[in-house]
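All remarks here apply to the structure that follows.
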Amino acid sequence: MTAAAPDATTAPRRVIVFGGGQIGTFTLRSLLAAGHEVVVADRAPDAAFLRRYGRHAGPVHSLDICDAPAVAGLMASCGRVDAVILTAGMTGALAAADPAGARRVALDGTGTVLDAAGAAGIPRAVLVSSLAVYGAPAEADRAAGSLIESRAPIDPPTVYGRILADMERMVTSRRHGPESGPDCVLMRIAGVYGPNRFGHGSHSSILLERMLYCAAQGFSLTLEGYAEDRDDLVYVKDVGAALARAATCADRPDGPINVATGRVASMAELIDALGAVFATVDVRLKPPARPRPPLQRLPLDIGRLTGSLGIAPRTIEDSLRDYAREAGFDVAAEAPSAEATA
């Protein structure tokens, strides 16, 4: 995976990243690698994680995005700012456990940041949403074979999805422009995985973390699920590259933008990919304690990701190989390609 080369008209930007967790950290890393100036803020910052994975050696501001004076004060202290990226939020599990807290962050926090950005004259805001807003596939999705990114949220089945759908509706209902607030780009993230603070993150992040760490250390692992379970899973470096590009490209991209791979991976394929990365893998599946049919999600439509942003997501095997190296594990040699052996 690589992001397309920045437009020739794109000068280095100054960007504020709100949220120093998994997605925010790798967004920060992509911005710095592209030569942009970055200010990072988080409610409970982990400076060591940001240094290791974000390559960030500067200060980290500690603030709550719902604290309007603090947010406005940070923006004022930065001088000219070209964009804000808002990655702060709660996972699906945390949102289910604390809907009021999740709603406060997603709606009140987003509104606070957008109000402050508008007052400061910041022209662009990039906001993290989720595939959870889609709910059940519509007929058009089934016909296309993917979740169409131009579709508005329709009846999400989870608390998390409903909260983010409300956030999206709030954002799209706001007036934007030089006098009323930043132009907003909504980014709907698929099941993200990759380096994280151990045990933190979404279900997909924790699942892939368990699988990779056990495989790397030669431990056996038994999981509930089916070999046929399928989901669209995206590596956090690709997510960071997409958010950074959406914030800094010369022309604001149309949104919402699905940040995914555009294909589904089964549990069997994940296990096979781990087998290609490590010498031996012992991951076993057992039927879920609560019987259910295999998970058969549609992939996400990624036309805007690859077209407007120029991001080509890497494969599961390449992502897991990179993830293992980032975590400090030895990996098996890559198998020669068909072209190399022809």
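The values are calculated or read from the model by the stated rules, or taken from the named source; none is laboratory data. Here the structure is a predicted model, which is why all the values come from computation and not from measurement. Glycine also receives a Cβ, built like all others from the backbone with ideal geometry; neighbour counts cover every protein chain displayed.
See the values below:
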read-out: Any hit, segment 180-200, residues being acidic (Asp, Glu) and closer than 30 Å to residue 291 by Cβ; value: no
read-out: Among residues of segment 123-148, those that are within 17 Å of residue 171 (Cα to Cα) and out of contact with any helix residue (DSSP H, G or I) (no Cβ under 7 Å at 6 or more places or on another chain), counted; value: 3
read-out: Any pair with Cβ under 6 angstrom, 6 or more apart, that starts in segment 260-283 at a residue that is closer than 27 Å to residue 144 by Cα and ends at one that is hydrophobic (A, V, I, L, M, F, W, C) and part of a helix (DSSP H, G or I); value: 265/316
read-out: Total residues in segment 80-95, condition more than 13 Å from residue 15 (Cβ to Cβ), surrounded by fewer than 21 Cβ atoms within 10 Å (Cβ to Cβ) and touching a strand residue (DSSP E or B) at 6+ places or on another chain (Cβ under 9 Å); value: 1
read-out: Selected residue (criterion: nearest to residue 96 (Cα to Cα)) from residues of segment 136-163 that are in contact with a strand residue (DSSP E or B) (Cβ under 8 Å, 6 or more places away or on another chain) and part of a loop (DSSP other than H, G, I, E, B); value: 137
read-out: Residue check, residue 286 closer than 27 Å to residue 16 by Cα and basic (Lys, Arg); value: no
read-out: Residues of segment 164-211 that turn out to be surrounded by fewer than 19 Cβ atoms within 10 Å (Cβ to Cβ) and not in a helix (DSSP H, G or I), as a count; value: 12
read-out: Residue that is touching a helix residue (DSSP H, G or I) at 6+ places or on another chain (Cβ under 6 Å) and either buried (at least 17 other Cβ atoms within 10 Å of the Cβ) or under 23 Å from residue 164 (Cβ atoms) (or both), where the choices are 260, 244; value: 244
read-out: Test: residue in segment 159-167 that is out of contact with any Lys or Arg (no Cβ under 6 Å at 6 or more places or on another chain) and farther than 16 Å from residue 95 by Cα; value: no
read-out: Scan of segment 214-241 for residues that are surrounded by 23 or more Cβ atoms within 10 Å (Cβ to Cβ) and farther than 23 Å from residue 22 by Cβ, ordered by number; value: none
read-out: Residue satisfying all of: in segment 113-151; of a type in the set (Lys, Arg) and modelled with pLDDT under 95; surrounded by the most Cβ atoms within 10 Å (Cβ to Cβ) among these; value: 151
read-out: Residue ranges of helices (runs of 4 or more DSSP H) in segment 264-327 with at least 2 members under 28 Å from residue 53 (Cα atoms), of a type in the set (A, V, I, L, M) and modelled with pLDDT of 95 or more; value: 267-277, 316-326
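Quick grid of which residues meet (1) modelled with pLDDT under 95; (2) hydrophobic (A, V, I, L, M, F, W, C); (3) in a helix (DSSP H, G or I):
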{"residue": "213", "(1), (2), (3)": "no, no, yes"}
{"residue": "228", "(1), (2), (3)": "no, no, no"}
{"residue": "238", "(1), (2), (3)": "no, no, yes"}
{"residue": "242", "(1), (2), (3)": "no, yes, yes"}
{"residue": "255", "(1), (2), (3)": "yes, no, no"}
